[in-house]
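The values are calculated or read from the model by the stated rules, or taken from the named source; none is laboratory data. As the structure is a prediction and not an experimental result, all values here were calculated from the model. A quick note on method: Cβ atoms are made from the backbone with ideal geometry, for glycine too, and the neighbour counts reach across all protein chains shown. To get the accessible areas, we keep the full protein, side chains included, count just its heavy atoms, and leave off ligands, DNA and RNA. Shrake-Rupley method; radii C 1.70, N 1.55, O 1.52, S 1.80 Å.
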Amino acid sequence: MLLYEQIRKNKVKTVFIVTGFVLFVLLVGAAISYVNYGDAIPGLIFTPIFSLFYVGIVVMSSTNIVMKMNRAQEVTSVEEHRFLWHTVENMAMVARVPMPRIFIINDPSPNAFATGLKPEKAAVAVTTGLLDRLSREEVEGVIAHEVAHIKNYDVRLSTVTLALVSVIAIMSDIGSRMLFFRSIGGRRDQNQNPILLIIGLVLLVLAPLIAMLINMAISRNREFLADASGAELTRNPDALASALEKIANVETPVEQASSASAPLYFSDPLKKKVSGLFSTHPDPVERISRLRQM
């Protein structure tokens, strides 16, 4: 597949998935409202208001929160790490985005991630293991991948989808508690459609799991896009493929990584070796194969 065709298809696929995710959030809100009150309209009104408020708070403080979660230390001057500083600076120039803040995570397992609301507020973090175990060209490939995430606004997308997963979890928990107390009080709308009621109850229970699966699907798709875009920035897909191969073969997880931030990483930092729907990252073999064909 040609590079630009792969980028186009990944972008189109992401639009469909994200649109579906937003509609799913609204559906969950409507289901909670119908199950508890026999009317879906209040849920359709309250859900977007609550979602915008919660997502806004998370997005505005996302960079600092994520860096603290992963115990990352900021590199504030070129003298602290000249090679890393110049590599990030060069890739940002090639991608035509502002130079992101740079962080280092003291961990022997090689990995990296990017985060931030927008390119002007973005940050890149790499582990010490990445700098120690990979060649200069391979490090450049990984940095290009992360800068591609910034250029494509993937970091904002990842933050928003993660926040929406939290929104659904919160709403499902509140909806379940409301249903429990209404059941104790014996209050129930007799005009509720039995079929819609059953669908609403099933959705209430499965919503958090479905939301996680959608979030993982978005994460996997954006990794393919960042691989293609990163290869475009360096004009060296082999270096990125080689870096991915080395990182995937390391069995040691990133100890500082949290499960919440795992989808942001270049490769699964938790080393769960889970594939398919329950994986936050695509199969490394498939990613490497696509890069080798470019």
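Things to note:
- Test for N90: is it open to solvent by 70 Å² or more (accessible area, probe 1.4 Å), assigned to a helix (DSSP H, G or I) and under 25 Å from N215 (Cα atoms): no
- None of N249, N236 is surrounded by fewer than 20 Cβ atoms within 10 Å (Cβ to Cβ), at pLDDT 90 or above, out of contact with any Cys (no Cβ under 9 Å at 6 or more places or on another chain) and under 23 Å from P108 (Cα atoms) except N249.
- In the stretch 262-294, the residues that are surrounded by fewer than 22 Cβ atoms within 10 Å (Cβ to Cβ) and among the hydroxyl-bearing types (S, T, Y): S275, S279, S289
- In the set V97, V66, only one residue is part of a helix (DSSP H, G or I) and either in contact with a helix residue (DSSP H, G or I) (Cβ under 9 Å, 6 or more places away or on another chain) or small (G, A, S) (or both); that residue is V66.
- Apart from one condition, R71 fits all of (1) touching a strand residue (DSSP E or B) at 6+ places or on another chain (Cβ under 9 Å); (2) open to solvent by less than 10 Å² (accessible area, probe 1.4 Å); the exception is (2).
- Meets criteria (modelled with pLDDT of 85 or more, surrounded by 15 or more Cβ atoms within 10 Å (Cβ to Cβ) and over 30 Å from L225 (Cβ atoms)) for I45: no
- Restricted to helices (runs of 4 or more DSSP H) entirely inside the stretch 191-294, those with at least 2 residues that are within 13 Å of the chain's Cα centre (by Cα) and aliphatic (A, V, I, L, M) are 194-234.
- Boolean, R156 is closer than 30 Å to F50 by Cβ, touching a residue at least 40 places away in the same chain (Cβ under 8 Å), of a type in the set (K, R) and surrounded by fewer than 22 Cβ atoms within 10 Å (Cβ to Cβ): yes
- Considering only residues in the stretch 98-123 that are among the small types (G, A, S) and closer than 12 Å to F266 by Cβ, the one that is surrounded by the fewest Cβ atoms within 10 Å (Cβ to Cβ) turns out to be S109.
- Within the stretch 132-153, residues that are in contact (Cβ under 8 Å) with a residue 40 or more places away in the chain and closer than 17 Å to Y265 by Cβ reach partners that are open to solvent by less than 50 Å² (accessible area, probe 1.4 Å) and basic (K, R) with beta carbons closer than 9 Å, at six or more positions or on different chains, in the pairs H149/R222; N152/R222.
- Hits in the stretch 139-177 - residues which are within 18 Å of F16 (Cα to Cα) and either touching a Cys at 6+ places or on another chain (Cβ under 6 Å) or of a type in the set (G, A, S) (or both): S158
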